[in-house]
Amino acid sequence: MKEGRNGMRRAYRDISLQKKMPVLFCSLLLLIILTAGIFLAWHYNNVFRQYFQENFSMAITTNANGVREVFRTVGNGMDVVCDNKSAYVTENKKNVSAIADTVLFTDPKEEGFDLHQMVEERWADEAMLKVLFHPACLYALLVPEEYPIAVYLRAWDGIENGFYKDRGMEAFPWYEKALDKKGENYWFQEEEFPERLYTARLLQYRYFTWQEGYAVKNLGMMVVGIDFSEIENRIDMTEMPERAQICILDENGRVLYTNGEKEGFLSEESLISVWGTTHDKIEYCEYQGEQYLVQKDTVAQGLELLTVIPADAINRMSLQMLGILLILLTVAFVVGMFLISLLSHAITAPIVRLAGRMETGILEPVEEEEFGNDEIGILYQGYNRMQEKIREMLKDVWESAEKQKNAELQLLQAQINPHFVYNSLGTISCHALLNGQDVIAKQLNMLVSIMRYQTREPDGLVPLEKEIGIIRQYAEIQKMSSGGTVQFAYSIAPECAMILIPKLIIQPLVENCIIHGFDSVRKDGQVEICAEMTEEGVIRITVTDNGRGGDMDAINRYIHGEESDEIHDSLGVKNVYDRIRRVYGPGGGLEYCTGPRGGAMAIITIQMKKEVTYDNNKKSGTGH
């Protein structure tokens, strides 16, 4: 498999730029168009569905308001006859309608009863009902036989309007269910009259006597039938797509009315599955693998208006627009390919010519008339400048070779000089020893040791104890020279002895104590060198004297580069600080402060928690 991949890479590299660029650009263009097409199709489909969903929802709500108005008229008419709330009768007051008063208090057995007058009053009440209900409505008040007026009423045949007695109505299922509703509307349909929707309500009033107190009695059963034609007049299907269905459902989810067939989504099984999930807003429901837009609106107590729109109607319209979008993307791809071919030829042709010139291996500049001032022209100009630089580099290589030879000779000479100095000092030391000058001989030997220590790998790292050993030799030389007027003390913690530090970062601090801290007549000079490790893993090296001190703030500003003062150049502390920072970075530092005995205290801090690597002239070490 690896060989196959390598072969494909070689084959790709062998293809010329003139073929690569059109293929790559066309592939990129195709990828962009496909990505944009997929995104636009997805976005447009969502926007389109949302747009139609909102429009359909507005149209459905408008239809629901129209149907709701029909049922509101019926409910208001029933409330005028008897609203079951404020209708009551007491011994000295009546708060019932004229229709209820006729039913309750018409008694043919009373003295002076006029049957003709009663009939007129009854028909007057029926005329009032015609005003209350819509002309397309059928209405009837079924009076219980316990009221005297029922003697003169006949049973209702379900066709005519008016007052009827309720004899034999127990045989109808809807009558018993309306009684169970206890004063609420019960909606139903009669098989004999499929073009009509009925509602029945048990009318009640409160009755009060001093003997019995309050009691609720039935006034009768109010039945109103509404022609479906009146409902259809309130429904506008012009804003709805094809195959949209509107139906009226009762509180149990049974279809009482629909403008289509009771099958598919409107079957009893389907409606039961979605009845509890739909609300007063439009949403998607799925039935037998098909999706529908469904919205349920309450239009009356116990009645819901359900609107069902097949989702494929929206999908067909969406696919038509997506087809147009696909055609536009195809045209864009073809036009893009044509433009890419022109652009790639304009770019690759000059590059191919330049590559052919370079393949010949002849380092000759290209004539200026062959290129312009665009990016290709810059490439040609760079090619000419490259040839000029190559000629200059060849010249520089020859000169560098000559300089390197001279530098090697000088290096060999420089290696001879330190040996000459060491040998000369050794000879002087022997001569002083033979002549009885033991102090001078000892000083010379210590000086040679210090010089060898300094000149051998001057930028390397050494253990602290070795640096302290050199300090001791330097201190001995100073004590011999000053006659013992300066005393040195050392306090080096064992755990600090083997830490690696740069060479000669302590010696300049000791030298400053002797040269700048004491005058020539002082006999009690003391220099103390201490090294300890804190609990945080920080090495703290201090060099303290009891000399005359100085401006510590100015010295610190000079160390950190905040102040340029030639006075401080003689201290050498800036060089020490820079070397510490080169090796330890932010983990190393140098500060001056006033010592406990009034002199100066130099404090070197080294963070030893992390490994410290020093790299200069390929020499390295660690801080642990």
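A short reminder: the numbers here are calculations on the coordinates, not readings from a lab. Keep in mind that this is a model prediction, so the values were computed, not measured. Here Cβ is always computed from backbone atoms with ideal geometry, including for glycine, and neighbour counts include all displayed protein chains.
A few notes on this one:
- Electrostatic bookkeeping for ILE501 treats Lys and Arg as +1 and Asp and Glu as -1; over the other residues with beta carbon under 11 Å from its beta carbon, the sum is +1.
- Between the beta carbons of GLU290 and VAL23, assuming R0 = 41 Å, the FRET efficiency works out to 0.35 to the nearest 0.05.
- A crude spin-label estimate for the pair LEU34 and GLN381, with each label 7 Å from Cα along the Cβ direction, gives 4.1 nm.
- Cβ-defined net charge surrounding ALA155, 10 Å radius [Lys, Arg +1; Asp, Glu -1]: +1
- Label point 7 Å beyond Cα of ARG581 along Cβ direction - residues of the range 537-561 with amide nitrogen under 14 Å: 556-561
- Paramagnetic reach from LYS182 in the range 212-244 [backbone N under 15 Å; point 7 Å along Cα→Cβ]: 215-218
- Simple label model, 7 Å out from Cα along Cβ direction - VAL331 to GLU192, nm: 6.8 nm
- Counting every other Cβ atom within 10 Å of each residue's Cβ, LEU379, LEU256, LEU504 order from fewest to most as LEU379, LEU256, LEU504.
- Of all beta bridges that DSSP places with both ends in the range 478-607, some 75 percent have antiparallel geometry.
- The convex hull built on the alpha-carbon positions of the range 22-64 has an orientation-averaged projected area of 2.6 nm².
- Net length gained if the chain between VAL216 and LEU256 were fully extended (0.36 nm per residue, minus Cα distance): 11.2 nm
- As a proxy for reagent exposure, ranking VAL70, VAL80, VAL308 by other Cβ atoms within 10 Å from fewest up yields VAL80, VAL70, VAL308.
- Using 0.36 nm per residue and subtracting the Cα-Cα separation, the extra length available between ASN55 and ASP312 on full extension is 90.9 nm.
- With 0.36 nm allotted per residue and the present C-alpha distance subtracted, the GLU69-MET552 stretch has 164.2 nm of extension available.
- Shape call, the range 478-607: gyration tensor on alpha carbons, a/c limit 1.5: oblate
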